[in-house]
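In what follows, a structure is listed as structure tokens, so that the remarks can point back to it.
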Amino acid sequence: MSAMAKMTDRRRGRTQIVNLDQIMTDQQIKEEKWTLTTLSAAVNTKENCMLWLARRRLIKNSAYCTTCHQSAYLNAYAEGTDGFRWACRSCHFRRTIRDNSFFARSHIPIVHLLLLIYCWSHDMPIFNISHETKISTEYAMNYCNTCREECEKYIYRHRLSEIGGLGEDGEPIIVDINESKNFKRKYVTRESRWVFGGIERHSRKCFLVEIPNNTVASLTEAIKKHILPGTHIVSHRNSLCAYISDINNGTYSHSEVKMDNFTDPKYDVVHAINVEKMWMRAKRFLEKQFGTTTVQFSTCLNEFIFRNSIKKEHIFGTVLVAIAEDYVV
């Protein structure tokens, strides 16, 4: 490139925020370890925040003019909320750096929204999130709901709510199941809900789904949707579960345990502890979801599945990956 061309390029700005070899993979993003202090320091200026987001595929790394279809240039824009924007001087093309991204529908500074994602990922109360991010409680609740929806989409894309099947050794994976009607939203309604769930015996994977009632038809539908063929299902002894080994001509094997008489400590007690711990964690989690409406109840269940399936130290990175997958920039 000639000296004149380099000078022209400097005046116009660059066509990429970061070099392509600086863009991170999903695994690299998930394995990063951040605290609120280190994250705040990493994005302490508008430019540093823009670079941080581009490396993690949360905003566009480049843009094209919609008129001449040439690369737009990244220009400083002090009047804008983000400090930079894409531009093509020849065609008067202008685009914000948050165009088509998770942040596009808001004028709140990106760094505040990023800190909100971090705080929500670590399950902070909404009032703490509002305080730490300087975002009003109303807007903070809206964006927390959006984060919850992104995680719900991640569950469906990666089929996290489908558990069991055959292990790497070819042996059936054991899944403990149970249903409960003790899920109440005391801040919204006194109505109890039937929730059916299962958890793998030797992993963190689980599912929880609201069912209309505890009939054989409802449980069969939930089992076929969320438990993979080949699974060995363990349930407490009742008439509703007696049919499990007959589903789809025997696609599942099935054992029953007596919840009131643990005759085999290696089997019955493990089932009881496994299931009861899941219910206890789920109910405690849902009790914290103030303002949860009827429409959002299933989304809250999916949030629990998401959090339960992912190690705590990877939760923030996985939320970022979920957003990057949904907003392909």
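Please treat every number below as a calculation from the coordinates, not as lab data. This is a predicted model, so every value here is computed, not measured. So basically every Cβ, Gly included, is an ideal-geometry build from the backbone, and we count neighbours across all protein chains shown.
Things worth noting here:
- Alpha-carbon centroid distance for the pair the stretch 130-174 / the stretch 235-257, whole angstrom: 29
- The label-point distance for SER71 and ARG281, in a model that sets each label 7 Å from Cα toward Cβ, rounds to 4.7 nm.
- By average C-beta atoms within 10 angstrom, highest first, the peptides 72-85, 115-128: 115-128, 72-85
- Normalised contact order of the chain, rounded percent, pairs of Cα under 8 Å and 6 or more residues apart: 18
- The DSSP beta bridges internal to the chain are antiparallel in roughly 70% of cases.
- Stretching GLU162 away from GLN27 to a fully extended chain increases their span by 46.4 nm, per 0.36 nm per residue minus the current alpha-carbon distance.
- Total formal charge among the other residues, if their Cβ is under 11 angstrom from that of ALA140, Lys/Arg +1 and Asp/Glu -1: -1
- Modelled FRET efficiency - R0 30 Å, SER298 with ASP99, Cβ distances, 0.05 increments: 0.45
- Links that overshoot a 31 Å alpha carbon limit, given the list LYS33/LYS277; LYS30/LYS258; LYS181/LYS225; LYS30/LYS181; LYS46/LYS312: LYS30/LYS258; LYS30/LYS181
- Of the peptides 205-218, 140-153, the order by per-residue mean of other Cβ atoms within 10 Å, starting with the highest, comes out as 140-153, 205-218.
- The stretch 128-243: C-alpha pair distances exceeding 20 Å, %: 56
- Relative to the longest principal axis of the Cα atoms of the chain, the long axis of helix 3-12 lies at roughly 60 degrees.
- Segment LYS134-HIS122, length gained on full extension (0.36 nm per residue, minus Cα span): 2.6 nm
- As computed over the stretch 1-140, the Cα convex hull volume per residue (Å³): 131
- Here the chain is treated as a sphere whose radius is the Kirkwood value from Cα pairs; by Stokes-Einstein at 20 °C and 1.002 mPa s it diffuses with a coefficient of 95 µm²/s.
- Rounded to 0.05, the FRET efficiency of the ALA217 and GLU256 pair, given R0 = 25 Å and the Cβ-Cβ distance, is 0.80.
- Note on SER239 and THR35: the model spin-label points, each 7 Å out from Cα along the C-beta direction, lie 5.9 nm apart.
- The slack between SER90 and ARG14, meaning 0.36 nm per residue of separation minus the straight C-alpha distance, is 25.8 nm.
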